[in-house]
Structure formats: structure tokens, C-alpha cells
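J.: Pasting in a structure now, in C-alpha cells, and then I'll have a few things to ask.
The values are calculated or read from the model by the stated rules, or taken from the named source; none is laboratory data. Not measured: the values here are computed from a predicted model. So basically every Cβ, Gly included, is an ideal-geometry build from the backbone, and we count neighbours across all protein chains shown.
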Amino acid sequence: MKNIIVTGAGGLIGSEVVSFFARENWNVIGIDNNMRADFFGEKADTTWNISRLKNTFENFNSFPIDIRDRAAIISFVKKSSPDAIVHTAAQPSHDLAATRPFDDFDVNAVGTLNMLEATRLSGLSIPFVHLSTNKVYGDAPNELNLIESEKRYDYGDAADYDGIRESFRIDQTKHSLFGASKVAADIMVQEYGRYFNLPTCCLRGGCLTGPNHSGVELHGFLSYLIKCNLEEKIYKIFGYKGKQVRDNIHAYDVACFINEFINKPRIAEVYNLGGGRENSVSILEAFDLISSISGKEMKYEYINENRIGDHICYISNLDKLKMHYPSWGITKDLKATFVEIYESWLTRDK
């Protein structure tokens, strides 16, 4: 039986990766010390998800190791003898990073370095998949020619229609401190690939979502929005008239791509991973869709100030990813994803 280490095992992507590889009969080793609850409070606690996974899969176990603890991580990875590593653990909020910059950088940048060095010391053939973010591009996508319609912004030039490519610049732009720490991690993952010939990839995610997301206001766009609708709470829109656009990808489709990469790894690759144009939606459009599912009107408050470094319109161009892995594709459309999240909040102990 093959061994796979998954950091952030209780989080959205981590738990989906755990489930995927456990079903594929891998021995799945989770690392998760529930830092999400420390960052965002008890409503973001992920221990429920770890418990769910342990009760579901006999071939899964999780350990509360802090990825900032270099000696512990190096020792643990070596003892675990992994055949692959998927690194999803992170501080994911650019709002929170501004108030806790040391924690943000230590988790995102230093924690990733610790995982990379632990991997290198354990074996140079181990595929290493890193969950990066589209925030590595900072707010440079806002410089593109954009057009405004009734409920969304969109790209005005035909060349940009399919979205942001991996060649888009990542410097000379405002990232937020979170974006900067993720840039450091992203570049380090690439460098370990190029310098040590380690099979690595950075997945620059758009809005990664799904029913196992512990969505809160500072992180978890769709999950939190849908929860607000269900509980008839006020959702705060921060700037851009609520017309800001994101492409959303279900965590299952992310896990499927990770499997493709592990089966056919490449060196130091970078992929923009999102739902693409077909799964893109603005906040106002998301209000309409969830209301059509729940039958409840969305309650919201508009704040005429956007979040620092926020994107006006971001759609992931999936051409490179599909060219390298043509058997992969989106299997969960936008409405199906909304329904799954909605039904999850109905049954979850909130």
C-alpha cells in the first residue's frame, strides 16, 4: 500500500484529497493542528472534518503537527516514507494576514519550506503538490481592459476571454501580505523542482469550494455566502458593486487533478486551477442562484470599499493544464456545487 501525506487534512481541499486517495486504497497520513480555528474562531474549527474522515476511512490517520516546527516535520516525513505529498495547509486570508503578519508568513512561506526540505531529505522522486493561489498575481489582473454589465464585470478584450494564463506577471503589483507570503512559497516550490530536480507543481487556485468548507467571512466565499442565505443573515459586499467575478472549482475536481499529476509528475510546473469561464459567477449572480435553490431572498449590506488587493474579475485559463493532462476536466458545474454546499449546511452541526 502506498503512503501519501496530506497537510491541512481537515480543510476543504485537504479533506477532499484524503477522501480521494483513501478510496484509492492509499494509506493516507494527515497533518492538521486545527490552526484554522486559531485564525478564524470556533466557527472555522475543522476537528469535525477530521473526525468524519477517521470514522469513514480505516486507512486514514491524522497527526496534530505544526508545519512551522521544522525538526518535527523533517522527522515525521522521513518516518512516514511517503510516495507523494500534497501540501494544502495555509493561512488563507489576506485580511487576517495584515493583523497577524508573522503567523501568516511563518505558516505559508516557512511552513512550505519546511515541507519541501523534509521531502528532499526523504527522497527526490516524491511528487510534491502545493496549493498556491491566484493572489500570487496581486491586483495586476485589474489592469486588464474590463467591461461592466448589469450584474458582473468581464474581460473586454478577446485575447483575455478565457482568463488569466500562467505567464501573467507576479511582481510590480499589490498582493496583500497573504499574497506575498504565498508568492514566497510558490517560488520556493518551483525552485526545489528546478534546483533539485524534484517533481513539484504549484496549483494557483481560483475559488476552491465544496460542501466540506468551514466558510467564514474572511475566507470561504461561496460557503459563507450560502450559509448566510440559509440562516437569513446579512452578507457584506466589499466594493465593486457586488459585480466582482470569481471562477469556482469543486474540491473533488481539484483532487482529481492532483491524482493526475501524481500519476504523471513533472518538474517545477505551475498551473492555474479554477472552474474556468463556465463556472464563473459574480456576487450578485451568486445571490440569484442560491435564492433560486433555497427559496430565500438574500440579505446583504454594501460597503463601498473593496478589500486591499482584491480582484475585480478573475477567471482561470485552463489551457496549459488540459494540454498537459488531457484526461482531466471539470465534472461539477456551478449549480451542482451550490446545491452540495447548501445541502451540507442544512445537515451540518453549525
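J.: Name the residues in region 309-334 that are within 22 Å of Val270 (Cα to Cα), of a type outside the set (Phe, Trp, Tyr) and in a loop (DSSP other than H, G, I, E, B), would you?
T.: Quick first cut of region 309-334, residues within 22 Å of Val270 (Cα to Cα) only: 309-311, 313-331.
When the remaining residues are screened for being of a type outside the set (Phe, Trp, Tyr), the result is 309-311, 313, 315-324, 326-327, 329-331.
Once the filter is applied, which keeps residues that are within 22 Å of Val270 (Cα to Cα), of a type outside the set (Phe, Trp, Tyr) and in a loop (DSSP other than H, G, I, E, B), region 309-334 yields Gly309, Asp310, His311, Ile315, Asn317, Leu318, Pro326, Ser327, Gly329, Ile330, Thr331.
J.: Just to be sure I understand, how many residues within region 150-196 are hydroxyl-bearing (Ser, Thr, Tyr) and at positive phi? Please lay out each step first, then the result.
T.: Within region 150-196, the subset hydroxyl-bearing (Ser, Thr, Tyr) is 153, 155, 161, 167, 173, 176, 181, 192, 195.
So of that shortlist, the ones also at positive phi come out as 176.
Final tally of qualifying residues: 1.
J.: Inspect region 228-242 for any residue being acidic (Asp, Glu), under 17 Å from the mean Cα position of the chain (by Cα), more than 24 Å from Gly10 (Cβ to Cβ) and modelled with pLDDT of 95 or more and give the result as yes or no.
T.: Going through region 228-242, the residues acidic (Asp, Glu) turn out to be 231-232.
Still in the list and also under 17 Å from the mean Cα position of the chain (by Cα): none.
No.
For every residue, the table says whether it meets (1) closer than 17 Å to Ala90 by Cβ; (2) among the small types (Gly, Ala, Ser).
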residue	(1), (2)
Phe128	yes, no
Ile147	no, no
Lys151	no, no
Ser167	no, yes
Asp171	no, no
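J.: Please determine, by comparing only the residues of region 146-187 that are surrounded by fewer than 20 Cβ atoms within 10 Å (Cβ to Cβ) and in a helix (DSSP H, G or I), which one is farthest from the chain's Cα centre (by Cα).
T.: Ala158
J.: Right, here's the next one. Exactly one condition in (1) without any contact (Cβ under 8 Å) to a residue 40 or more places away in the chain; (2) crowded, with 24+ Cβ neighbours inside 10 Å is false for Gly274; which is it?
T.: Condition (1) is where Gly274 drops out.
J.: Could you list, in sequence order, all residues of region 57-72 that are among the hydrophobic types (A, V, I, L, M, F, W, C), surrounded by 16 or more Cβ atoms within 10 Å (Cβ to Cβ) and more than 17 Å from Phe21 (Cβ to Cβ)?
T.: Ile65, Ile67, Ala72
J.: Identify, from the list His94, His87, the residue that is touching a Lys or Arg at 6+ places or on another chain (Cβ under 9 Å), of a type outside the set (Lys, Arg) and touching a residue at least 40 places away in the same chain (Cβ under 8 Å). Step through it out loud before you land on a result.
T.: Numbers: His87 fails: touching a Lys or Arg at 6+ places or on another chain (Cβ under 9 Å).
Checking each option against the conditions leaves just His94.
J.: Any idea which of Ser122, Ser81, Ser75 is touching a strand residue (DSSP E or B) at 6+ places or on another chain (Cβ under 8 Å) and surrounded by fewer than 24 Cβ atoms within 10 Å (Cβ to Cβ)?
T.: On the way: Ser122 fails: touching a strand residue (DSSP E or B) at 6+ places or on another chain (Cβ under 8 Å); Ser75 fails: touching a strand residue (DSSP E or B) at 6+ places or on another chain (Cβ under 8 Å).
Of Ser122, Ser81, Ser75, the one residue that is touching a strand residue (DSSP E or B) at 6+ places or on another chain (Cβ under 8 Å) and surrounded by fewer than 24 Cβ atoms within 10 Å (Cβ to Cβ) is Ser81.
J.: Here is a follow-up. Take the residues of region 25-52 that are assigned to a helix (DSSP H, G or I) and charged (D, E, K, R): which is modelled with the highest pLDDT?
T.: In the first step, residues of region 25-52 are kept if they are assigned to a helix (DSSP H, G or I); the result is 35-40, 42-44, 47-52.
Narrowing the set further to residues that are charged (D, E, K, R) leaves 36, 38, 42-43, 52.
Numbers: Arg36: 84, Asp38: 86, Glu42: 81, Lys43: 75, Arg52: 94.
The selected residue is Arg52.
J.: Any chance region 267-289 includes a residue that's outside any helix (DSSP H, G or I), farther than 27 Å from Asp139 by Cβ, out of contact with any Asp or Glu (no Cβ under 8 Å at 6 or more places or on another chain) and of a type in the set (D, E, K, R)?
T.: Step one: list which residues in region 267-289 are outside any helix (DSSP H, G or I), which gives 267-276, 280-282.
Narrowing further to those that are farther than 27 Å from Asp139 by Cβ: 267.
Filter again for out of contact with any Asp or Glu (no Cβ under 8 Å at 6 or more places or on another chain), leaving 267.
Then drop every residue that is not of a type in the set (D, E, K, R), which leaves none.
No, the conditions are met nowhere in region 267-289.
J.: Continuing with this model, one more query. Please specify each residue of region 304-331 satisfying the condition of being hydrophobic (A, V, I, L, M, F, W, C) and at pLDDT 95 or above. Walk me through it before giving the result.
T.: If we filter region 304-331 for residues that are hydrophobic (A, V, I, L, M, F, W, C), which is where we start, we get 308, 312-313, 315, 318, 321, 323, 328, 330.
Passing the criteria: Ile312, Cys313, Ile315, Leu318, Leu321, Met323, Trp328, Ile330.
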